[in-house]
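What follows draws every value from the coordinates through simple rules; no lab data is involved. Small disclaimer: the values here were computed from a predicted structure and weren't measured. Methodologically, a virtual Cβ is constructed for each residue, glycine included, from the backbone with ideal geometry; neighbour enumeration extends over all protein chains shown.
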Amino acid sequence: MTKGTFLLIGDSFIAGYDWQARMSSFKVYTFGIADEKSQDLLLRLPSVEKMVESPDIILIMSGISNVLDDDYVFIHILRKIVIRLSNTYPGAEIIVNSLPPIKAPLLVKDAIRHLNTGIESLCQESGCCFLNNFTQYTERNIDIFLMDGIHLTDEAYALWIRSFLEYVSFLLEEAD
C-alpha cells in the first residue's frame, strides 16, 4: 500500500537515481532529463501532465544546466513552472529543491548561494516549499560529488532523500 504519490521533475539530478527503489512506500513518477535547462522543463510540462493525474507532492530540481551555461537568470522560468504546476495540480504540495554546491570551473563565486536565495524567495512569494539541502551539503565534511564535481555520489543522494522524506512526512501529516 502506498502512502502517497510523488512527481519528481528536473534535470540529471532527478534522472540519475532510482528514486522509486529508495522510496518504495510511495508511488514515484520520475521525469528527469540529463542536461535539461529550466526553459526546456517548462516546455515539456504538458507531456508530463498527461501522464500523471494527481500527485500529492511535486519536487522540482532544475537550474544547474542553466548555471553551467552561464545563465544566472532562470529563476523567472522556475516561477512559471511553479505557477503552471499549481494550476494543474491545485491539491499538490510543490517543493523546489535548492541547487547543490557544484564545483565547476569558471563558476562565479557564491553564484549557487545567491541563486538559492532567489529560489527561496520565489518559494515564499508563490506559497510553495523550499527544500534547502545546499546547507546540509556544505556543512558536512564529505565529498558529495563524483569526479566531475557536478553529479552526486550515492551518499549525497542518501542525504537528499532523507531530508526530502523528513520534509514530506511533515507535509503529509498536515494534509491528514
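Tabulated data
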{"read-out": "Rg/Rg_ref, the chain, where Rg_ref = 2.2 N^0.38 Å and atoms are Cα", "value": "0.97"}
{"read-out": "Gain upon complete extension [Arg162, His76; 0.36 nm per residue less C-alpha separation]", "value": "28.1 nm"}
{"read-out": "Angle in degrees between helix 38-51 and the longest Cα principal axis of the chain, rounded to the nearest 10", "value": "20"}
{"read-out": "Label-point gap, in nm, between Lys27 and Ser126 - each point 7 angstrom along Cα→Cβ", "value": "2.4"}
{"read-out": "Between helix 154-175 and the chain: long-axis angle, C-alpha atoms, 0 to 90°, nearest 10", "value": "40"}
{"read-out": "Charge dipole magnitude, Cβ of K and R +1, D and E -1 - the stretch 31-176, Cα centre, debye nearest 20", "value": "380"}
{"read-out": "Unit charges at the beta carbon, dipole of the stretch 5-175: most positive-side option, Leu165, Met61, Pro46", "value": "Pro46"}
{"read-out": "Residues Asp110 and Asn87, FRET efficiency given R0 of 25 Å [Cβ-Cβ distance, rounded to 0.05]", "value": "0.15"}
{"read-out": "Radius 11 Å from Cβ of Leu165, net charge of other residues (Lys, Arg +1; Asp, Glu -1)", "value": "+2"}
